[in-house]
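Structure first, commentary second.
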Amino acid sequence: MRAAVITAHGALPEVVEFRDPEPAPGATLLEVAAAAMNPIDVRVASGQFPLECHEPPYVAGKEGIGRRADGGLVYFDACRAPFGAFAERTLIEADHGYPVPAGLDPGLAVSLGVSGLAAWLGLEWRGRLAPGETVLVLGASGVVGQIAVQAAKLLGAARVVAAARDEAALARAGDLGADALVPLPGRRPDGDPSRMDAQRTELIEALREASGGSGYDLVLDPLWGEPARAAIASVKRFGRFVNLGQSAGAEVSLSSATIRATPVDLLGYTNYTAPEEAKAAAYARMAAHAAAGEIRVEVERLGLDNVPDVWQRQGTSPHAKLVIVP
């Protein structure tokens, strides 16, 4: 079969002929209908990611939608090595995967996996979102952010504010249900601390105003860096701040008073640590909402030969889900 193969740690995947997966005890053979590119794929391929590592050569791609022999579709986010999602066929453990509702587009269905679970569970399970609360979604231009805006509304948030740098993508968040939009500044001003402080103060004021003046019960943050620093200052007393990424920077400087005086719950999230039953339930709920037209995602479909290019594009923070259709 044709597949995108990692031949060495840190190398770009190569689209080549690779051996076919064969039926095996305790495994399910799938025809791949759609596979999604994620930053985690690049990290795993580096050989330096502690939570997941495969020895080359292996087929790249963590998650996809596969068709079983009976014609049913299933979402998966792990394959039996050395197989992966970026291939015509793959092999998963027999007890693995979530059913996909009939009629749900595979490109949308796969978007609800790594990205969708981070958004939904970051809000519901880790963030403890309660009906009637006010939510801020940072990085609302990305796929996680797009889904989070919609998920927050579906989970009962009374007001959802979206913040992002890209104006067109931010406008899309408004179309998806955000009640207010806050543009994030571009690069930090160089060299002048007073300009940096002024920029931060302006952003804090804009975020608080967008909240309705009282601040946020919950912030979902895939960015960290300076946007996180400003957002933490706009959280209500005993509000929650959930971080699930570092697209804007791996580090941020916070004073003790910033956290204690409000106070703020700082919470980390990753799909790897979410309980399996919580992930299965969240995927089922999102899939039902998506099948009913209540969750939309910008999807860009590409062929298997495009994997090396898509691999590099993933690092540029695309504002659509990059989906491989073998």
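From the set of residues in the stretch 213-229 that are touching a strand residue (DSSP E or B) at 6+ places or on another chain (Cβ under 6 Å) and farther than 22 Å from Glu251 by Cα, which is surrounded by the most Cβ atoms within 10 Å (Cβ to Cβ)?
Result: Tyr216.
Taking the options Glu22, Glu88, Glu52, name whichever one is of a type in the set (D, E, K, R) and under 22 Å from the mean Cα position of the chain (by Cα).
When all the criteria are applied, what remains is Glu52.
Mind listing just one residue for me: the one in the stretch 308-318 that is under 19 Å from Gly64 (Cα atoms) and not polar (S, T, N, Q) and, of those, surrounded by the fewest Cβ atoms within 10 Å (Cβ to Cβ)?
Asp309
Could you tell me whether the stretch 93-104 includes any residue that is in contact (Cβ under 8 Å) with a residue 60 or more places away in the chain, touching a Lys or Arg at 6+ places or on another chain (Cβ under 7 Å), surrounded by fewer than 24 Cβ atoms within 10 Å (Cβ to Cβ) and part of a strand (DSSP E or B)?
Within the stretch 93-104 (the criterion being in contact (Cβ under 8 Å) with a residue 60 or more places away in the chain, touching a Lys or Arg at 6+ places or on another chain (Cβ under 7 Å), surrounded by fewer than 24 Cβ atoms within 10 Å (Cβ to Cβ) and part of a strand (DSSP E or B)), the answer is yes, since at least one residue qualifies.
Which residue out of Arg19, Arg80 is exposed (fewer than 14 other Cβ atoms within 10 Å of the Cβ), part of a loop (DSSP other than H, G, I, E, B), out of contact with any Lys or Arg (no Cβ under 9 Å at 6 or more places or on another chain) and of a type outside the set (A, V, I, L, M, F, W, C)?
Only one candidate passes the filter, namely Arg19.
Could you check the stretch 232-307 for strands (runs of 3 or more DSSP E) lying wholly inside it with 1 or more residues that are crowded, with 18+ Cβ neighbours inside 10 Å and small (Gly, Ala, Ser)? Walk me through it before giving the result.
Working: elements: 235-243, 264-268, 299-302.
Because the criterion is at least 1 residues that are crowded, with 18+ Cβ neighbours inside 10 Å and small (Gly, Ala, Ser), the strands (runs of 3 or more DSSP E) in the stretch 232-307 that meet it are 235-243.
Among the listed residues Val32, Val5, Val100, Val15, which satisfies the condition of being β-branched (Val, Ile, Thr), within 22 Å of Glu300 (Cβ to Cβ) and more than 22 Å from the chain's Cα centre (by Cα)?
Only one candidate passes the filter, namely Val15.
Take the residues of the stretch 39-63 that are in contact (Cβ under 8 Å) with a residue 60 or more places away in the chain and buried (at least 22 other Cβ atoms within 10 Å of the Cβ): which is farthest from Asp305 (Cα to Cα)?
Among those that are in contact (Cβ under 8 Å) with a residue 60 or more places away in the chain and buried (at least 22 other Cβ atoms within 10 Å of the Cβ), it is Asp41.
Considering only residues of the stretch 68-77 that are surrounded by fewer than 17 Cβ atoms within 10 Å (Cβ to Cβ) and of a type outside the set (A, V, I, L, M, F, W, C), which is farthest from the chain's Cα centre (by Cα)?
Looking at residues that are surrounded by fewer than 17 Cβ atoms within 10 Å (Cβ to Cβ) and of a type outside the set (A, V, I, L, M, F, W, C), I get Asp70.
Against the definition (out of contact with any Gly (no Cβ under 6 Å at 6 or more places or on another chain), in the same structural domain as Ala87 (by TED's automatic domain parsing) and not in a helix (DSSP H, G or I)), how does Pro318 come out, yes or no?
yes
The values are calculated or read from the model by the stated rules, or taken from the named source; none is laboratory data. Because the structure is a prediction, the values reported are computed rather than measured. We place every Cβ from the backbone using ideal geometry, glycine too, and count neighbours over all the protein chains shown.
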